[in-house]
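Enquirer: Before anything else, here's the structure in question.
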Amino acid sequence: MPGLADLLADAVAGGASLGFLAPLDREAAARWWRAQLPSVADGTRTVWVSHGPDGLSGTVSLTLEQKANGRHRGEIVKLMVHRDARGRGLARALLAVAEQAAVRAGATLLLLDTETGSAADHLYRAAGWTRYGIVPEYAADPDGALRDCSFYYKRLD
């Protein structure tokens, strides 16, 4: 939990739009991660982490839809890489792990959203995701400024 909290706080401090405003302290970040434990325990959320020399360097989560009419889909959530580990392909590798797990779980469609124009936005396009829309001023960035959000899907074959 401490490593995940540190990673989330670092990502927010680095400007990542993950649903939090800056400053995000470690305790608030740890509370958020603890709130995810029931969904991990019941199998509706899977979390992967990458370890670096100074602790956790990245994470990604996959949630699977539980509604009867949506059991074919999942969502990629909270893909983040520590600022010290960026630029080395870790985000792409974590995304690939989550996509492969979704296939193994029987998902045929994945969804995600991200801040338009961000590094993540470019990553998803490069990784074969299809943007299906942009919502203006969808969410505030860590500094509180409203930003556009891009919504993506990927069909899994």
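The values are calculated or read from the model by the stated rules, or taken from the named source; none is laboratory data. If you're wondering where the values come from, they're calculated on a predicted model, not measured in any experiment. Counting neighbours? That spans all protein chains shown, and the Cβs are built from the backbone with ideal geometry, glycine included. The area values use the complete protein model at the heavy-atom level, side chains included, leaving out ligands, DNA and RNA. Shrake-Rupley method; radii C 1.70, N 1.55, O 1.52, S 1.80 Å.
Enquirer: Going by what's in this entry, would SER61 be described as in contact (Cβ under 8 Å) with a residue 12 or more places away in the chain, more than 18 Å from ALA119 (Cβ to Cβ), open to solvent by less than 50 Å² (accessible area, probe 1.4 Å) and in a strand (DSSP E or B)?
Expert: Working: in contact (Cβ under 8 Å) with a residue 12 or more places away in the chain: yes; more than 18 Å from ALA119 (Cβ to Cβ): yes; open to solvent by less than 50 Å² (accessible area, probe 1.4 Å): yes; in a strand (DSSP E or B): yes.
Spelling it out, SER61 is indeed in contact (Cβ under 8 Å) with a residue 12 or more places away in the chain, more than 18 Å from ALA119 (Cβ to Cβ), open to solvent by less than 50 Å² (accessible area, probe 1.4 Å) and in a strand (DSSP E or B).
Enquirer: Go through (1) modelled with pLDDT under 95; (2) in contact with a Pro (Cβ under 6 Å, 6 or more places away or on another chain) for ASP157 and report which single condition fails.
Expert: Here ASP157 clears every test but (2).
Conditions tested, residue by residue: (1) open to solvent by 50 Å² or more (accessible area, probe 1.4 Å); (2) part of a loop (DSSP other than H, G, I, E, B).
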{"position": "VAL12", "(1), (2)": "no, no"}
{"position": "GLN36", "(1), (2)": "no, no"}
{"position": "THR46", "(1), (2)": "yes, no"}
{"position": "SER57", "(1), (2)": "no, no"}
{"position": "GLN66", "(1), (2)": "yes, yes"}
{"position": "ALA91", "(1), (2)": "no, no"}
{"position": "ALA102", "(1), (2)": "no, no"}
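Enquirer: Would the range 111-118 turn up any residue that is modelled with pLDDT of 95 or more, surrounded by fewer than 19 Cβ atoms within 10 Å (Cβ to Cβ) and hydrophobic (A, V, I, L, M, F, W, C)?
Expert: yes
Listed here are the residues, each with its yes/no results for (1) modelled with pLDDT of 95 or more; (2) over 16 Å from the mean Cα position of the chain (by Cα); (3) β-branched (Val, Ile, Thr).
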position: LEU7; (1), (2), (3): yes, no, no
position: ALA16; (1), (2), (3): no, no, no
position: GLN36; (1), (2), (3): yes, no, no
position: GLY52; (1), (2), (3): no, yes, no
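Enquirer: If you go through the range 16-27 one residue at a time, how many are closer than 16 Å to ALA145 by Cα, open to solvent by 40 Å² or more (accessible area, probe 1.4 Å) and of a type outside the set (A, V, I, L, M)?
Expert: Count: 3.
Enquirer: List, please: which pairs have Cβ atoms under 7 Å, are six or more places apart or on different chains, and start with a residue in the range 141-152 that is closer than 11 Å to ASP113 by Cβ and end with one that is open to solvent by 10 Å² or more (accessible area, probe 1.4 Å) and part of a loop (DSSP other than H, G, I, E, B)?
Expert: Taking only residues 6 or more apart or on different chains, the pairs are ASP148/THR116; CYS149/THR116; SER150/THR116; TYR152/TRP129.
Enquirer: Identify all residues within the range 118-147 that are among the small types (Gly, Ala, Ser) and over 18 Å from PHE20 (Cα atoms); write none if there are none.
Expert: Looking only at the range 118-147, we keep the residues that are among the small types (Gly, Ala, Ser), and these are 118-120, 126-128, 133, 139-140, 144-145.
ALA126, ALA127, GLY128, GLY133 - these are the residues of the range 118-147 that are among the small types (Gly, Ala, Ser) and over 18 Å from PHE20 (Cα atoms).
Enquirer: Search the range 111-130 for residues being touching a residue at least 60 places away in the same chain (Cβ under 8 Å) and among the polar types (S, T, N, Q), and hand back the single one that is nearest to CYS149 (Cα to Cα).
Expert: Restricting to residues being touching a residue at least 60 places away in the same chain (Cβ under 8 Å) and among the polar types (S, T, N, Q), the top hit is THR114.
Enquirer: A further question on this structure: Return the residues of the range 119-134 that are under 26 Å from ASP10 (Cα atoms) and open to solvent by 40 Å² or more (accessible area, probe 1.4 Å); say none if nothing qualifies.
Expert: ALA119, HIS122, ARG125, ALA126
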